[in-house]
Amino acid sequence: MNHSQGWNIDALDGQEHTLLSFSLGEWEAMLGGGPDRFVVTASAGGSSRIANARTLREDIDDEETVDLTVGGQSIDYPWEYALTREEALAAMTDLAAGQLSGEQWEVIS
């Protein structure tokens, strides 16, 4: 895939098309949701490592949720995982580069 095309994020409409998957080096990544909010999660090492992208918004309540449809399932995601389009694209670029550092990433081993 040509990543400069925005990871095909425009295909995610939040209703009929709600999940894209990519193999990025050691990571199996999923980009879901749409059209305004997205989630990015990835696994590596036979799912022994999980990485979840988090929003950098500081004005959220820990109890706040957002309803997103991902993979055909409507789920109330905690706001910390509901990314803007720009944050989702940046997270996918991080995964492709293998750079999961900083506050945007929650990595579980």
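The values are calculated or read from the model by the stated rules, or taken from the named source; none is laboratory data. This is a predicted model, so every value here is computed, not measured. Every residue, glycine among them, receives a Cβ derived from its backbone with ideal geometry; neighbour counts consider all protein chains shown.
Of note:
- The set of residues in the stretch 2-46 that are over 19 Å from Glu86 (Cβ atoms) and either touching a residue at least 12 places away in the same chain (Cβ under 8 Å) or aromatic (Phe, Trp, Tyr) (or both) comprises Gln15, His17, Thr18, Leu19, Gly25, Glu26, Trp27, Glu28, Ser43, Ala44, Gly45.
- Scan the stretch 16-50 for residues that are surrounded by fewer than 16 Cβ atoms within 10 Å (Cβ to Cβ), polar (S, T, N, Q) and not in a strand (DSSP E or B) and the total you get is 2.
- Candidates Asp61, Asp67, Asp13 - the one that is charged (D, E, K, R), over 25 Å from Ser109 (Cα atoms) and assigned to a strand (DSSP E or B): Asp67
- The condition of being under 18 Å from Gly6 (Cβ atoms), touching a helix residue (DSSP H, G or I) at 6+ places or on another chain (Cβ under 7 Å), of a type outside the set (Val, Ile, Thr) and modelled with pLDDT under 95 holds for only one of Leu24, Leu83, that being Leu24.
- From Thr93, Thr69, residue being within 22 Å of Pro35 (Cα to Cα), among the hydroxyl-bearing types (Ser, Thr, Tyr) and surrounded by fewer than 18 Cβ atoms within 10 Å (Cβ to Cβ): Thr93
- Hey, Arg49 free of Cβ contacts under 8 Å to residues at least 24 places away in the same chain, of a type in the set (Lys, Arg) and out of contact with any Leu (no Cβ under 7 Å at 6 or more places or on another chain) or not: no
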